[in-house]
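Please treat every number below as a calculation from the coordinates, not as lab data. This structure is a prediction, so every number in the text was calculated from the model and none was measured. Don't worry about glycine lacking a Cβ; one is built from the backbone with ideal geometry, like all the others, and counts go over all protein chains shown.
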Amino acid sequence: MNKAAGFIRDCVEKIIPIIAFIVLFVVFVFQVFMRYVVKSPQAWTGEVEQSCFLWLVLLGACYAQRIKGHVTFTLVYDNLGIKGKAIAAMLGNILIAFSFLVSLIPSFNYIIGLLERAQLTSLLKWPKTYVFFPYVIFLVFILAYSLLDIYEEIMVLKGDQRYIDKMLQESKSEAEAAIEESLAQEQLDLNNIDYGGKGDK
């Protein structure tokens, strides 16, 4: 069950955005060729690019949230203790969860309403529901990740060592992580390396 859920999540957050990016890039190159070489620009390419961009950005943002890869400003956060970090992170996640929860149902109703009204794109006549549906997926996934983060932050405040260690690991800066990784690598004995210079004529 966990493997199936993980596969579905990877499809939504990684495989579909990869496919959307490839299609976006190919269509973009095709449009440039048609516009500047053949001198015959194709209007439909704009709709394809816009649709792919939406799927790429919204679903890719879910993956970025999963790995905590969004840009953050941590000047104050980095100087807090572990409980201070947990409280600060929880407040941010509560704000995100509340905002996304409030907008989820209206957004879903709007997108379903596009289907009921048979709203289509101008040139390719694609149902607009399919074009904008990634926004609902985006809301659901970010809401779920925020709630999971809130749970972990509560566990940190309760003193659960496993979650404390996880938060400390995740809150390390890129420089700290790089230093730890370099220190963990096996030390090389430079005295026994044959550089190929001795004895060569």
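For segment 114-119, backbone phi angles converted through the Karplus equation (6.51, -1.76, 1.60; θ = phi - 60°) give residue-by-residue couplings of 4, 5, 5, 8, 6, 6 Hz, Gly and Pro being listed as x. Whole-Hz Karplus values for segment 16-28 come out as 4, x, 4, 4, 4, 5, 4, 4, 4, 5, 5, 5, 4 Hz, taken residue by residue from phi with 6.51 cos²θ - 1.76 cosθ + 1.60 and θ = phi - 60°; glycine and proline positions read x.
Count neighbours as other Cβ atoms within 10 Å of each site's Cβ, and list the trypsin sites (Lys or Arg not before Pro) in segment 103-157 that are DSSP loop with at most 12 such neighbours.
Numbers: sites: Arg117, Lys125, Lys128; in loops: Arg117, Lys125.
Answer in residue order: Arg117, Lys125.
Computed 3J(HN,Hα) for segment 57-71, one whole-Hz value per residue from the Karplus formula 6.51 cos²θ - 1.76 cosθ + 1.60 where θ = phi - 60°, is 5, 5, 6, x, 5, 5, 5, 4, 5, 4, 8, 6, x, 6, 5, glycine and proline marked x.
Residues whose amide H falls under 5 Å from that of Leu120, counting only those 5 or more places apart or on a different chain, are Lys128, with hydrogens built in the peptide plane. The GNM of the chain, with springs linking C-alpha atoms under 10 angstrom apart, assigns the highest mean-square fluctuation among Tyr130, Tyr63, Tyr145 to Tyr130.
Evaluate segment 72-169: find the radius of gyration of its Cα atoms, find its Kirkwood radius, and give the ratio Rg to Rh. With Rg and the Kirkwood Rh in hand, the quotient comes to 1.20.
Short version: what are the Cα gyration tensor semi-axes of the chain, square root of 5 times each eigenvalue, largest first, in whole Å? Calculated on Cα positions only, the semi-axes equal 41, 32, 14 Å.
Of the trypsin sites (Lys or Arg not before Pro) found in segment 17-79, those in coil by DSSP whose Cβ has at most 14 other Cβ atoms within 10 Å are Lys39, Lys68.
For segment 1-105, the list of GluC sites (Glu not before Pro) that fall in a loop by DSSP and count at most 10 other C-beta atoms within 10 angstrom is empty.
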